[in-house]
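K.L.:
Below are the structure tokens for one structure; questions will follow.
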Amino acid sequence: MSQDVDTTRPARGQRLRDALGGATGALLAAALVTVTAAALYLRSVNRGELALAQTPAAAFAGALAARAAAELQNPVEVQRFLAELRGKRPELTLAAVVTEPRSVKYRFLRKRRYLAHSDAARVGQTLEAQRAGDKLIYDLANTVRQRGPELEAIAATPGGVPSLIRAAAPVTVGGKHVGMAVCQTEIAKRAPLVPAWPLGAAALACLLCGLLAGATLPRRLRYAAIMLATVCLALFAHLRVEQALDTYAQLGETAREGLGRALGVGGAAFAAVETLPGRGTLPLALATLLALVVGALGLAGVGARIAGALSRNRFAYAYVAPSAIGMALLVFIPFGYGLGLGFFDHAHGRYTFVGLANFAEILSGGGRPITQPLNFYFTLGVTVLWTVVNVFLHTALGLGLALLLKDPLLRFKGVYRVLLVLPWAVPNYITALIWKGMFHHQYGAVNHVLSLFGIEKVSWFSSFSTAFSANLVTNTWLGFPFMMVVALGALQSIPKDVYEAAAVDGASRWQTFRRITLPLLRPALYPAIILGSIWTFNMFNIIYLVSQGEPAGATDILITEAYRWAFERADRYGLAAAYAAIIFVILLVYTLITNRMARATEDVLE
Amino acid sequence: MTRLACSLSILLLATVAQAKPLVLWHAYRAAERTALEETVKQWNDGGRGRDPEIQLLAVPYDAFSDKITAAVPRGHGPDLFIFAHDRVGDWAESKIVEPIEFWMTEAHADTFLYKAIDALCYKDSLYGLPLAFKSTALFYNKDLVKTPPRTTDELLALGRKLTDAAAGRYGLVYDNTKLYFHAPWHFGFGGAIFDDKGALRVNTPEAQRALAFARQLGGPGGIVPPESSAVLTTSLFNGGKAAMAISGPWMLGELSPSLKVGVAPLPKVSATGKLAGPFLGAEGIMMTASCKQKPAAFRAMKFLTGDGVAVQRALRARQPVANVAAWKDPRVQRDEVLRAFRQQLDSATVMPGTPEMRVVWSPFDMALQKVVGGGIAPKTALTDAESETRRYLEAARNAARQAQATR
């Protein structure tokens, strides 16, 4: 007994090495996760925006607009004010643009001219000079007119740290919109107290040292180097985040102090300016947590075992790596992305986190009565009915045909087999389109045949039962060959002597089928039925192409419903993703239950 | 000190003369494509002056709008593209298309047909210059129909005479469960989609009457075959099995050459005395927000939508072009088909290019299915459609509000 244990368990020394290797791996992973998270966080910090709280926004707009309005009535006064302003704060610019409807004919054409600009030469000048900067100011004036005051931090490069801050507000005189006041200032850059790059360089050096030094350095020194690299990397990431946050703090300060003072309204009007450093706190918190977990697990020895297995079965893992990476890229990442999308709502290219709202909307039926096809439970009912009837028909037909084809007296078996497998070989959307045409009321083959027998033409897609039947016929045509092939294969494997023994005992054909064929087919049919029902549950092509959900969405199943939410109704990608997640859960539960049942029957058989 | 303008233009990194070509995406095929290629050649061969060349890229129509929506925000999009105006609102809200009214003058705007340029306008900004306008009209088989019907009563009478359901012959065929093709009756009966204030107004007595009329046309004993679709429209009309069809200029390229085809404006609705008002779509060149050479791109747009090349497009590709001057050209005037589309423009209703419009289609199509195919009362069907549309609008508004709140 003890010898057995010895051969399966690695030696003591090996285990220690595994443990050390595991700890290093875990530390490295932790560092990697932290740095990735920090990079993500940094990006979101840089993407952050300035926020104006709801009520003080009005105060800000009022202050800016009041000042500008007074000036708009007296251009000379404006110039004087601007000259004075330039003297005091040369980094600040202020412009007031008048935009008013010019033509009654075209709603998009309006007069615009600078009434005030810190560039003295431009005051009073019409804006026909076609310059990019002018267009930007003009477009800004339009945006502000439609959307109200705007405060924006601008980075010179997309995704970079902002270097400019700009406030713009509509100006109204006597209740009438006359133009825009815009004010812009640069953000003074403070040099960081501690530069981050030496830490980064140190981390890199340690890492290279630890990884590449190989046998020239003692093992413990190498571990120490890697651990040091981890610490350096973490510090580096932390410092960069701090610096970005600092820039944002400065930005808010500039907005509050600079703009307020420049407009002569004091800092109070801008007191409500908040800096929102993006929504990055969550990824950092999550990543830190993940890093901690990974680290703890590593130290607890899980990492050791993984690393041990990795190093012992190096080649095996190397062989598996390409397909594992492929799976991760093509299956798990999209899956995770789709799952995540279910928690967001989409409008005009922007996604907003809404928590479980999408799921709640679906599961509550969205306020529609259950008799309405757009109610989730109605669609679910249709989907279940669709799956059950289909799988029953597929299995019955497939099994029946397989039994016929197995008949030893039957001639030209090969020909029949090929013919019966043909529907399966044709791409299913082509079959679907052909059947769609065949079910046409006026020109379809089905109605034509019916009329030969004196039956009145049926309008297949105008009622639920007929539209559903049309789908069913098409999908049965497509689905039975698979079941037939599976059953044929399984029938082949049933030993003949069992039947002979039954014949000797005087069993009838039905008894033979009921007591021998069916039980022995079960292990082969079970997985086929599970697979078939999952396929049918998600059979998008048939529903989408044959009945197209008619009448009025009644024959839609969950998967086509999800598609319609995303691409045909209101661009509700989040809702569609939530549908997909629900479908996944339903199928997961179904598979777990049927698997257990299958295992139970196998046990009985054994 | 032009600090503001300067610092703003830094952001554009634009005006620096770059020799990079302007990339133009389009989904044109056949004659329209050839005509476009010819006009682009004229620009490249000298019409451009010192501006960069235009590089054409044909993108399949089905994937076009999705590609624009996905590529432009990531900076992989074209500088210019050609598309119908119906996505303008959505793209303007997501900052995919660039407002261009800054460069426009009234005189320039006047060179276009008013409805065509107005269609490309969203929230008081202009997002493209129109190339062509597209609306449905009445196609008729000259062997079967001598004079096209002028009123819906005439249409019904003529249609009944030409319909023989047992032989598979019908007076009229059109995709009658789609709002787009139902629109002529919807507006002809006095229906609306949104009122002046932008509130949804789908379920009105007028709209119900229009739906009842669609049932009269396409229901039992009607003159339109059951289960009509766009494909069936072309095949029945081409096969001489339908005497008349409601379709747009895109069907011209699919007609069999042996057929003698006439095109006429859609008839007047007898019940109201109003002309049928199909949806008007404007196809325009739009500039993306990611374009790096905007003034040059605008000059290219101006050239490609100019009066001179418009005549070429009208003659070559039989495009109902959007330029006023092109319609004064005697060669264009001689084209009977183009003239019918031009006449149809006068009663056409500009299709709203707003994001709100995008959620109207699906519920309304469902109402049409219920009424035309299922014989459900128009009022019931429209009540459902309106409440469903309201639900979508509410959801979209909530999403927009949340996006605003997180800004």
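K.L.:
Return the only residue of A:Ile430, A:Ile362, A:Ile434 being β-branched (Val, Ile, Thr) and touching a helix residue (DSSP H, G or I) at 6+ places or on another chain (Cβ under 8 Å).
P.N.:
A:Ile362
K.L.:
Still on this structure, please answer the following. For the list (1) within 14 Å of chain A (Cβ to nearest Cβ); (2) buried (at least 22 other Cβ atoms within 10 Å of the Cβ); (3) touching a strand residue (DSSP E or B) at 6+ places or on another chain (Cβ under 8 Å), I need the number of the one condition that B:Leu155 fails.
P.N.:
Only one criterion in (1) within 14 Å of chain A (Cβ to nearest Cβ); (2) buried (at least 22 other Cβ atoms within 10 Å of the Cβ); (3) touching a strand residue (DSSP E or B) at 6+ places or on another chain (Cβ under 8 Å) is unmet by B:Leu155, namely (1).
Results for (1) closer than 24 Å to A:Ser463 by Cα; (2) under 15 Å from the mean Cα position of the chain (by Cα), shown as yes or no for each residue.
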site: A:Ala321; (1), (2): no, no
site: A:Met327; (1), (2): no, no
site: A:Val331; (1), (2): no, yes
site: A:Glu361; (1), (2): no, no
site: A:Gly365; (1), (2): yes, no
site: A:Asn375; (1), (2): yes, no
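K.L.:
Here is a follow-up. If you scan the range B:72-94, which residues turn out to be under 18 Å from B:Met357 (Cα atoms) and either of a type in the set (D, E, K, R) or over 18 Å from the mean Cα position of the chain (by Cα) (or both)?
P.N.:
Selection gives B:Asp86, B:Arg87, B:Asp90, B:Glu93, B:Ser94.
K.L.:
I've got another one for you. So, in the range A:394-442, exactly how many residues are basic (Lys, Arg), in a helix (DSSP H, G or I) and either surrounded by fewer than 18 Cβ atoms within 10 Å (Cβ to Cβ) or without any contact (Cβ under 8 Å) to a residue 12 or more places away in the chain (or both)?
P.N.:
Number satisfying all stated conditions: 3.
K.L.:
Evaluate the following for A:Gly553: is it under 30 Å from B:Glu388 (Cα atoms) and either assigned by TED's automatic domain parsing to the domain that holds A:Pro427 or buried (at least 19 other Cβ atoms within 10 Å of the Cβ) (or both)?
P.N.:
Answer is yes for this residue.
K.L.:
Let me ask something additional. Checking the structure you have, find out if any residue of the range A:469-483 is within 14 Å of chain B (Cβ to nearest Cβ), in contact (Cβ under 8 Å) with a residue 12 or more places away in the chain, in a helix (DSSP H, G or I) and under 21 Å from B:Ser228 (Cβ atoms).
P.N.:
yes
K.L.:
Out of the residues in the range A:362-379 that are touching a residue at least 40 places away in the same chain (Cβ under 8 Å) and in a loop (DSSP other than H, G, I, E, B), state the one that is nearest to the other protein chains (Cβ to nearest Cβ).
P.N.:
This residue is A:Leu374.
K.L.:
Return the residues of the range B:253-294 that are assigned to a helix (DSSP H, G or I) and crowded, with 17+ Cβ neighbours inside 10 Å; say none if nothing qualifies.
P.N.:
The answer is B:Lys294, and nothing else.
K.L.:
Is it the case that B:Thr177 is more than 21 Å from B:Gln344 (Cβ to Cβ), modelled with pLDDT under 90 and in contact with a Phe, Trp or Tyr (Cβ under 7 Å, 6 or more places away or on another chain)?
P.N.:
Judged against the criteria, B:Thr177 is not a match.
K.L.:
Confirm whether A:Pro495 is surrounded by fewer than 16 Cβ atoms within 10 Å (Cβ to Cβ), touching a residue at least 60 places away in the same chain (Cβ under 8 Å) and out of contact with any Ser or Thr (no Cβ under 6 Å at 6 or more places or on another chain).
P.N.:
Taking the combined requirement at face value, the residue does not satisfy it.
K.L.:
For residues that are surrounded by 14 or more Cβ atoms within 10 Å (Cβ to Cβ) and modelled with pLDDT of 80 or more, scanning just the range B:1-28, find the one that is nearest to the other protein chains (Cβ to nearest Cβ).
P.N.:
B:Leu22
K.L.:
Out of A:Arg572, A:Arg564, I need the residue that is within 14 Å of another protein chain (Cβ to nearest Cβ), modelled with pLDDT of 80 or more and surrounded by fewer than 22 Cβ atoms within 10 Å (Cβ to Cβ). Which one?
P.N.:
Result: A:Arg564 is the single residue among A:Arg572, A:Arg564 that is within 14 Å of another protein chain (Cβ to nearest Cβ), modelled with pLDDT of 80 or more and surrounded by fewer than 22 Cβ atoms within 10 Å (Cβ to Cβ).
This table checks each residue for (1) surrounded by fewer than 16 Cβ atoms within 10 Å (Cβ to Cβ); (2) modelled with pLDDT under 60.
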{"site": "A:Ala296", "(1), (2)": "yes, yes"}
{"site": "A:Tyr319", "(1), (2)": "yes, no"}
{"site": "A:Leu330", "(1), (2)": "yes, no"}
{"site": "A:Phe344", "(1), (2)": "no, no"}
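K.L.:
Within the range B:89-110, identify whether any single residue is more than 14 Å from chain A (Cβ to nearest Cβ) and not in a helix (DSSP H, G or I), and answer yes or no.
P.N.:
no
K.L.:
Within the range B:380-401, identify whether any single residue is under 30 Å from B:Gly221 (Cβ atoms), more than 14 Å from chain A (Cβ to nearest Cβ), at pLDDT 90 or above and more than 26 Å from the chain's Cα centre (by Cα), and answer yes or no.
P.N.:
no
K.L.:
Exactly one condition in (1) part of a helix (DSSP H, G or I); (2) away from chain B (no Cβ under 14 Å) is false for A:Ala507; which is it?
P.N.:
(1)
The values are calculated or read from the model by the stated rules, or taken from the named source; none is laboratory data. As the structure is a prediction and not an experimental result, all values here were calculated from the model. Reconstructed Cβ throughout: ideal geometry from the backbone, glycine too, with neighbour counts over all protein chains shown.
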